[in-house]
Structure formats: structure tokens, C-alpha cells
Amino acid sequence: MIELSHRGPVAIVTMSHGKANALDIEFCETIAAQFEAVRATGAKAVVLTGQGRMFSAGVDLVRLSEGGAPYVRRFLPALHRLYDTVFFYPKPVVAAVNGHAIAGGCVLQCCADRRIAARDGGRIGVTELLVGVPFPPLAFEVMRFASPPRYLADGMFSGATFAPDVALARGLVDELADAPALLDCAVAAAETLAALAPAAFAQTKQQVRQPIADALERHGRRLEGASEEIWTAPETLGRIRDYVSRTFKKA
């Protein structure tokens, strides 16, 4: 599921889970555990990337539709742990967005401190409302944090996905690079951030992201309950099954 390599002080975490790097319980837990393991090493920064033309297609809707409400109730906490681990990671995190970053995959790359996308890579955007599910509280706050206010509502409500140049203009990524040079650019960005005083960087990052932690402290439990109720509702699971059926037919 994960390939770990190093370039100097930078750990490179490459997601390799099927064709789509779809987020299921095991994959979420594996990525989070890998970040926690790297944190305990001498690595000073992390680059997160995918394989081929896929960063991550988001939640594994097939697993979710097959598992129903019991699976969803176990999956949502695993998804929260993944985003919580990456978003609040005290060391620099750079996303090398090599391909499609859709829905939960877009949220995952938005957890990084810097997001560099392949110039001719895949689509980037959040499609949750097209599927029929709300954003879990932390996922929503990550998107609020990463998206310029003028684009936030449109991106969330439309469910649109964007080519990398448009994603750059809309603030979903910070930089574009030619695909062959993407990893080198991401490592260089990680090295630049890693050269900062570690304690000062960690404290500054905590302060920058503190409003998200505060919002979750105030409203997270209530919103998590409301979100789970919708995700596990029979009509929602029906919408998900319909979406999966339509998507696979198109494929």
C-alpha cells in the first residue's frame, strides 16, 4: 500500500493501493501509521505522492456501498485520523500531485503545507455532493483552509474537477511542474521548509492551523454526528450505489 524512500532528510511516501489509491479503512490507517512512524525518525520533511497518473480518487465507494452503514461507522473515524495526522503533522509536508486528486484525494493533498501538481496531470476537485454525501467536519475545514474564499462555495457545491492549470488559478494547488521533474521539485520544496528551525516551524504551523483545531473543538462532535447520520442513511447509501453503477458504466 505504501512505498517509503528517502532523499537526504526528506522521506518520500508513495501511495500504491490498486489503480486508484482509493481510501478504505486499511489504507487510511496505513498512511496515518506511516506518517507517525516517519515522525519518530530523523526525517525532517515528508513528500506524499501517488503512482502513475493517480494521486488518489478519494473514498473507495465500492467498499462503502458493499459494506453499508456498519462499514461507514468504522470508516469515518479512520478517514478523520488520516486527515488529522497529515494536516497537523508538525514537520513540513509537500504533496507531489502526480495525477487525479478527486474528492477525498483532493482533501488529502490539501492537507499538505505545499501542493505541487504535474502540469499535464489529472483532474483535481471535490465531488462529494455529486455522490450524495456531506463533507466530514475535518475534511470541510481542510478545504476551507486551503481554498480562497471566493472559490470555496462554488467548488464545494458544483462538485467540479479542474485541470491542473485551473486548479492552480483557483488555489487548490500552489505550483505546477513538468511531470518528469515533479518529484524533484517537491523534494526541493520540502528541503527548503526542512531547512527552517524545526521547533519554530512546528510552532508556526500550529498557530497557522489553530483556527481549524478550535473550530473542531467547538463544533466537531455535533457535526460528526450529523455527518454520520447522513452517510449511513439508507437513501444516501442508495445514492452511492447509483453513483457507483453510473460511474462504472461510463468507465
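The numbers here are math on the coordinates, done by the rules we state, and not lab data. If you're wondering where the values come from, they're calculated on a predicted model, not measured in any experiment. Methodologically, a virtual Cβ is constructed for each residue, glycine included, from the backbone with ideal geometry; neighbour enumeration extends over all protein chains shown.
Summary of computed values
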quantity: Neighbour-count order for 73, 81, 222, 115, fewest beta carbons within 10 angstrom listed first; calculated: 222, 73, 81, 115
quantity: Residues 185, 111, 106, sorted so that the one with the fewest Cβ neighbours within 10 Å comes first; calculated: 185, 111, 106
quantity: Cα-based helix-to-principal-axis angle, 234-250 vs the chain, degrees rounded to 10; calculated: 70
quantity: Whole-Hz ³J(HN,Hα) from phi, Karplus 6.51 cos²θ - 1.76 cosθ + 1.60, for segment 83-93, glycine and proline x; calculated: 5, 4, 5, 6, 5, 9, 4, x, 9, x, 10
quantity: Exposure proxy ranking, count of Cβ atoms within 10 Å, fewest first, for 94, 208, 133; calculated: 208, 133, 94
quantity: Rounded to 5, the percent of DSSP beta bridges in the chain classed as antiparallel; calculated: 30
quantity: P(r) histogram, all alpha-carbon pairs of segment 2-178 included - 5 Å bins from 0, percent; calculated: 2, 9, 19, 23, 21, 16, 7, 3, 0
quantity: Under 5 Å, built H, 5+ apart or other chain: amide partners of residue 56; calculated: 101, 102
quantity: Degrees between helix 149-158 axis and first principal axis of the chain (Cα, 0 to 90, nearest 10); calculated: 40
quantity: For segment 155-170 and segment 1-50, distance of Cα centres in Å; calculated: 25
quantity: Charge context of residue 219, other residues only, Cβ under 13 angstrom, K/R +1, D/E -1; calculated: 0
quantity: Folded to 0 to 90 degrees: helix 198-232 orientation relative to the chain principal axis, Cα; calculated: 10
quantity: Sequence-separation-based contact order of the chain, relative, with Cα cut under 8 Å and 6+ spacing, percent; calculated: 21
quantity: Computed lengthening from residue 158 to residue 233, 0.36 nm per intervening residue step minus Cα-Cα distance; calculated: 24.8 nm
